[in-house]
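These notes are about the structure you will find just below.
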Amino acid sequence: MEMWQRFTGRARRAILIAHDEAQQMHMNLIGTEHLLLGLIRLGEGTATEILRLLGADLDALRADLRRSIDMGTEEEPSAEISFTTEAQRVLRLAFEQARELGDHHIGTEHILLGLAREGRGAAYRTLRRHGVDAGRVRQAIIQLARGHGELETVSEHSDTPTLDEFGRDL
(Lines give C-alpha, C1' and ligand atoms only; values in the text may rest on other atoms or scores of the structure.)
Protein backbone atom coordinates (compact mmCIF):
# COMPACT_ATOMS: atom_id res chain seq x y z
CA MET A 1 0.00 0.00 0.00
CA GLU A 2 1.43 3.40 -0.98
CA MET A 3 1.83 6.04 1.69
CA TRP A 4 -0.95 8.24 0.20
CA GLN A 5 -3.45 5.42 0.48
CA ARG A 6 -2.80 5.21 4.20
CA PHE A 7 -4.17 8.70 4.94
CA THR A 8 -7.63 8.83 6.49
CA GLY A 9 -10.39 10.80 4.77
CA ARG A 10 -10.03 13.61 7.32
CA ALA A 11 -6.27 13.75 6.83
CA ARG A 12 -6.78 13.99 3.06
CA ARG A 13 -9.34 16.76 3.53
CA ALA A 14 -6.91 18.64 5.78
CA ILE A 15 -4.27 18.44 3.03
CA LEU A 16 -6.78 19.68 0.44
CA ILE A 17 -7.59 22.58 2.77
CA ALA A 18 -3.84 23.23 3.15
CA HIS A 19 -3.65 23.48 -0.65
CA ASP A 20 -6.52 25.95 -0.61
CA GLU A 21 -4.77 27.99 2.10
CA ALA A 22 -1.58 28.14 0.00
CA GLN A 23 -3.56 29.20 -3.08
CA GLN A 24 -5.35 31.96 -1.16
CA MET A 25 -1.91 33.27 -0.14
CA HIS A 26 -0.75 33.13 -3.79
CA MET A 27 1.79 30.43 -3.04
CA ASN A 28 2.62 27.49 -5.27
CA LEU A 29 3.99 25.27 -2.54
CA ILE A 30 2.27 23.89 0.55
CA GLY A 31 4.41 24.55 3.60
CA THR A 32 4.14 23.33 7.15
CA GLU A 33 2.16 26.46 8.00
CA HIS A 34 -0.48 25.50 5.42
CA LEU A 35 -0.67 21.96 6.80
CA LEU A 36 -1.34 23.36 10.28
CA LEU A 37 -3.91 25.80 8.92
CA GLY A 38 -5.54 22.87 7.12
CA LEU A 39 -5.84 20.92 10.37
CA ILE A 40 -7.26 23.95 12.18
CA ARG A 41 -9.71 24.90 9.42
CA LEU A 42 -10.90 21.30 9.15
CA GLY A 43 -12.18 21.83 12.68
CA GLU A 44 -12.77 18.16 13.39
CA GLY A 45 -10.79 15.03 13.97
CA THR A 46 -8.24 13.87 16.42
CA ALA A 47 -5.71 16.68 15.77
CA THR A 48 -8.32 19.29 16.67
CA GLU A 49 -9.29 17.31 19.76
CA ILE A 50 -5.64 17.07 20.82
CA LEU A 51 -5.03 20.79 20.32
CA ARG A 52 -8.03 21.56 22.51
CA LEU A 53 -6.95 18.98 25.14
CA LEU A 54 -3.53 20.64 25.26
CA GLY A 55 -5.17 24.00 25.91
CA ALA A 56 -4.48 25.58 22.54
CA ASP A 57 -6.98 28.24 21.48
CA LEU A 58 -7.58 27.40 17.81
CA ASP A 59 -8.53 30.96 16.85
CA ALA A 60 -5.43 32.39 18.54
CA LEU A 61 -3.28 29.67 16.99
CA ARG A 62 -4.68 30.46 13.52
CA ALA A 63 -4.20 34.23 13.96
CA ASP A 64 -0.65 33.81 15.27
CA LEU A 65 0.24 31.49 12.40
CA ARG A 66 -1.23 33.82 9.77
CA ARG A 67 0.83 36.73 11.15
CA SER A 68 4.00 34.70 10.65
CA ILE A 69 3.33 33.85 6.99
CA ASP A 70 4.58 35.97 4.12
CA MET A 71 2.14 36.34 1.25
CA GLY A 72 3.22 35.10 -2.17
CA THR A 73 3.29 37.06 -5.38
CA GLU A 74 0.19 38.13 -7.24
CA GLU A 75 0.78 35.42 -9.83
CA GLU A 76 -1.97 32.87 -10.28
CA PRO A 77 -1.15 29.89 -8.06
CA SER A 78 -0.77 26.46 -9.59
CA ALA A 79 -3.60 23.94 -9.34
CA GLU A 80 -0.98 21.22 -8.80
CA ILE A 81 -0.32 20.27 -5.22
CA SER A 82 3.37 20.44 -4.38
CA PHE A 83 4.99 20.52 -0.98
CA THR A 84 8.01 22.30 0.45
CA THR A 85 10.85 20.09 1.61
CA GLU A 86 9.78 20.68 5.22
CA ALA A 87 6.15 19.74 4.49
CA GLN A 88 7.34 16.57 2.75
CA ARG A 89 9.37 15.71 5.86
CA VAL A 90 6.31 16.34 8.05
CA LEU A 91 4.21 13.92 6.01
CA ARG A 92 6.97 11.31 6.12
CA LEU A 93 7.25 11.83 9.87
CA ALA A 94 3.46 11.38 10.12
CA PHE A 95 3.80 8.06 8.30
CA GLU A 96 6.68 6.94 10.55
CA GLN A 97 4.87 8.02 13.72
CA ALA A 98 1.71 6.16 12.71
CA ARG A 99 3.81 3.04 12.17
CA GLU A 100 5.61 3.45 15.52
CA LEU A 101 2.28 3.86 17.30
CA GLY A 102 0.94 0.72 15.62
CA ASP A 103 -1.64 2.59 13.55
CA HIS A 104 -2.29 1.26 10.06
CA HIS A 105 -3.60 4.58 8.74
CA ILE A 106 -2.25 8.12 8.96
CA GLY A 107 -4.73 10.44 10.64
CA THR A 108 -4.81 14.12 11.44
CA GLU A 109 -3.15 13.35 14.78
CA HIS A 110 -0.12 11.92 12.99
CA ILE A 111 0.18 15.03 10.80
CA LEU A 112 0.03 17.18 13.95
CA LEU A 113 2.71 15.00 15.54
CA GLY A 114 4.84 15.35 12.38
CA LEU A 115 4.47 19.14 12.55
CA ALA A 116 5.49 19.14 16.22
CA ARG A 117 8.50 16.88 15.52
CA GLU A 118 9.77 18.73 12.43
CA GLY A 119 11.82 21.08 14.61
CA ARG A 120 11.66 24.10 12.32
CA GLY A 121 9.35 26.28 10.31
CA ALA A 122 6.39 28.55 11.03
CA ALA A 123 4.07 25.74 12.15
CA TYR A 124 6.61 24.31 14.59
CA ARG A 125 7.40 27.72 16.11
CA THR A 126 3.72 28.61 16.41
CA LEU A 127 2.84 25.29 18.05
CA ARG A 128 5.68 25.75 20.56
CA ARG A 129 4.50 29.28 21.41
CA HIS A 130 1.09 27.79 22.21
CA GLY A 131 2.50 25.05 24.43
CA VAL A 132 2.18 22.21 21.92
CA ASP A 133 5.22 19.96 21.56
CA ALA A 134 5.85 16.49 20.18
CA GLY A 135 5.96 14.79 23.57
CA ARG A 136 2.60 16.19 24.65
CA VAL A 137 0.99 15.38 21.27
CA ARG A 138 2.30 11.81 21.34
CA GLN A 139 1.07 11.32 24.91
CA ALA A 140 -2.38 12.65 23.96
CA ILE A 141 -2.54 10.26 20.99
CA ILE A 142 -1.74 7.31 23.24
CA GLN A 143 -4.30 8.39 25.85
CA LEU A 144 -7.02 8.89 23.24
CA ALA A 145 -6.24 5.51 21.67
CA ARG A 146 -6.64 3.80 25.04
CA GLY A 147 -9.90 5.58 25.75
CA HIS A 148 -11.56 5.44 22.36
CA GLY A 149 -10.05 2.52 20.47
CA GLU A 150 -9.08 3.54 16.96
CA LEU A 151 -8.71 7.29 16.55
CA GLU A 152 -10.01 7.68 13.01
CA THR A 153 -11.32 5.13 10.59
CA VAL A 154 -10.95 5.04 6.84
CA SER A 155 -14.01 4.52 4.72
CA GLU A 156 -13.64 2.29 1.70
CA HIS A 157 -15.92 4.63 -0.26
CA SER A 158 -14.65 8.05 0.79
CA ASP A 159 -15.90 11.03 -1.19
CA THR A 160 -12.53 12.68 -0.64
CA PRO A 161 -10.14 12.34 -3.58
CA THR A 162 -7.16 10.12 -3.03
CA LEU A 163 -3.79 11.78 -2.86
CA ASP A 164 -2.80 9.83 -5.97
CA GLU A 165 -5.13 12.19 -7.83
CA PHE A 166 -3.00 15.12 -6.72
CA GLY A 167 -0.39 14.15 -9.25
CA ARG A 168 2.65 14.27 -6.99
CA ASP A 169 4.14 11.64 -4.74
CA LEU A 170 6.22 12.59 -1.76
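Of all the residues in region 18-41, those that are over 13 Å from Ala87 (Cα atoms), open to solvent by 30 Å² or more (accessible area, probe 1.4 Å) and either touching a strand residue (DSSP E or B) at 6+ places or on another chain (Cβ under 8 Å) or at pLDDT 95 or above (or both) number 1.
Annotation: His26 fulfils all but one of (1) of a type outside the set (Val, Ile, Thr); (2) free of Cβ contacts under 8 Å to residues at least 60 places away in the same chain; (3) closer than 24 Å to Arg146 by Cα; the unmet one is (3). The number of residues in region 99-116 being modelled with pLDDT of 95 or more and in a helix (DSSP H, G or I) comes to 9. Any residue at all in region 6-23 that is under 21 Å from Arg125 (Cβ atoms) and among the polar types (S, T, N, Q)? Looking through region 6-23, none of the residues is under 21 Å from Arg125 (Cβ atoms) and among the polar types (S, T, N, Q).
Report yes if Ala47 is at pLDDT below 95 and open to solvent by less than 10 Å² (accessible area, probe 1.4 Å), otherwise no. Show your work before the answer.
Values: at pLDDT below 95: no; open to solvent by less than 10 Å² (accessible area, probe 1.4 Å): yes.
Against the criterion (at pLDDT below 95 and open to solvent by less than 10 Å² (accessible area, probe 1.4 Å)), Ala47 does not qualify.
The set of residues in region 15-68 being more than 26 Å from Gln139 (Cβ to Cβ), of a type in the set (D, E, K, R) and over 16 Å from the mean Cα position of the chain (by Cα) consists of Arg67 alone.
The values are calculated or read from the model by the stated rules, or taken from the named source; none is laboratory data. Just so we're clear, the structure is a prediction, and the values are computed from it rather than from any experiment. Note: ideal-geometry Cβ built from the backbone for every residue, glycine included; neighbour counts use all protein chains shown. Side chains included, ligands, DNA and RNA excluded: accessible areas come from the protein's heavy atoms. Shrake-Rupley method; radii C 1.70, N 1.55, O 1.52, S 1.80 Å.
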